[in-house]
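These notes are about the structure you will find just below.
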Amino acid sequence: ILFPYVSRTGPAVPMILWGAVYLVLLQILDRTDSAPFNTFPIIILEFLLLQLGVWLAYQLAYGMSQAESIMDLMTLSAFPSRTIDINAASRQIKIEITRSRRYHRPMGLIAIQASADENITNTELVSAIKNDLSHRFSFARIGQVIDENIRQTDMVFRERFNRFVILCPETDFQNSEILAERIAAVIRNKTSVQVSWTVAAFPDDALSFEDLLDVANSKLTHFVMDGKD
């Protein structure tokens, strides 16, 4: 439940993992007081209950991920755009970085962070659901606005924590900054959502996409903590 990505591996992985943890603890812990007699039936019962608990937790995590996927599809269908999840775009990103490196061409990377909704802290169930849907629709709308204001050759990706990443081929640092300022202004005007942004450029700041993203995110985190745009 705490690590949703585990639900993509299938129930066997966490069940085997926790089963192994139980067997290791069984060898380490002294069972003299907890199971002085007929230890084997107690071990079997504990092991089965543990596996049942892990399986139920997996099913809950899987159901939660499916519900989130459905809500994401709803929001994306309401505000269609070219925005895709950054984890699903590794091949496209690799092609663009390779092309820029091979032909010695600049490339800009823009990271945009939407401000968190202060009303999300409400703990009532109905209000929490309403705020979650509002947050998702706002995030999708921001993605649509970004898509409408970038070039056909630019690519925009969704990242976690209300962040978007825009990859701009054939764009140096200065022109990337101009584009980021324009997009941030349009987002504020059309959605009334405050955003922070930062820019990193290939090859000046880093030579790989991962390093470019780290540079941009570290700058963005610093700006958000300082309350700057």
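Quick rundown of the values:
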{"read-out": "All positions within the stretch 141-155 that are among the β-branched types (Val, Ile, Thr) and closer than 14 Å to Arg182 by Cβ", "value": "Val145, Ile146, Ile150"}
{"read-out": "Test: residue in the stretch 16-39 that is hydrophobic (A, V, I, L, M, F, W, C), at pLDDT below 80, open to solvent by 80 Å² or more (accessible area, probe 1.4 Å) and assigned to a helix (DSSP H, G or I)", "value": "no"}
{"read-out": "Close pairs (9 angstrom Cβ cut-off, 6 or more residues apart or separate chains): of a type outside the set (Ser, Thr, Tyr) in the stretch 202-217, in a loop (DSSP other than H, G, I, E, B) and open to solvent by 70 Å² or more (accessible area, probe 1.4 Å) anywhere", "value": "Phe202/Arg105; Pro203/His104"}
{"read-out": "Residue, modelled with the highest pLDDT, within the stretch 105-136, restricted to residues that are under 19 Å from the mean Cα position of the chain (by Cα) and surrounded by fewer than 17 Cβ atoms within 10 Å (Cβ to Cβ)", "value": "Ser115"}
{"read-out": "Selection count where residues are open to solvent by 10 Å² or more (accessible area, probe 1.4 Å) and either in contact with a strand residue (DSSP E or B) (Cβ under 7 Å, 6 or more places away or on another chain) or within 18 Å of Ile93 (Cα to Cα) (or both), scope the stretch 189-201", "value": "3"}
{"read-out": "Matching residues in the stretch 167-207 - criterion: being small (Gly, Ala, Ser) and either closer than 17 Å to Asn149 by Cα or more than 23 Å from the chain's Cα centre (by Cα) (or both)", "value": "Ser176, Ala180, Ala184, Ala185, Ser192, Ser196"}
{"read-out": "Of the criteria (1) under 18 Å from Arg82 (Cα atoms); (2) part of a helix (DSSP H, G or I); (3) open to solvent by less than 50 Å² (accessible area, probe 1.4 Å), which one Cys168 fails", "value": "(2)"}
{"read-out": "Considering residues of the stretch 140-163 that are assigned to a helix (DSSP H, G or I) and either closer than 17 Å to Glu96 by Cβ or modelled with pLDDT of 85 or more (or both) only, the residue most open to solvent (accessible area, probe 1.4 Å)", "value": "Glu148"}
{"read-out": "Index of the failed condition, Glu210 passing every other in (1) surrounded by fewer than 16 Cβ atoms within 10 Å (Cβ to Cβ); (2) over 19 Å from Ala89 (Cβ atoms); (3) under 23 Å from the mean Cα position of the chain (by Cα)", "value": "(2)"}
{"read-out": "Residue count for the stretch 191-214, restricted to those that are assigned to a helix (DSSP H, G or I) and in contact with an Asp or Glu (Cβ under 9 Å, 6 or more places away or on another chain)", "value": "4"}
{"read-out": "Within the stretch 43-87, considering residues that are closer than 21 Å to Phe3 by Cβ, open to solvent by 80 Å² or more (accessible area, probe 1.4 Å) and at pLDDT 80 or above, the one nearest to the chain's Cα centre (by Cα)", "value": "Asn87"}
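The values are calculated or read from the model by the stated rules, or taken from the named source; none is laboratory data. Predicted, not measured: the structure shown is a model, and the values here were computed from it. Quick reminder, even Gly has a Cβ in these numbers, built from the backbone with ideal geometry, and neighbours come from all protein chains shown. The protein model used for the area step is the full one, side chains on, heavy atoms only, and it has no ligands, DNA or RNA in it. Shrake-Rupley method; radii C 1.70, N 1.55, O 1.52, S 1.80 Å.
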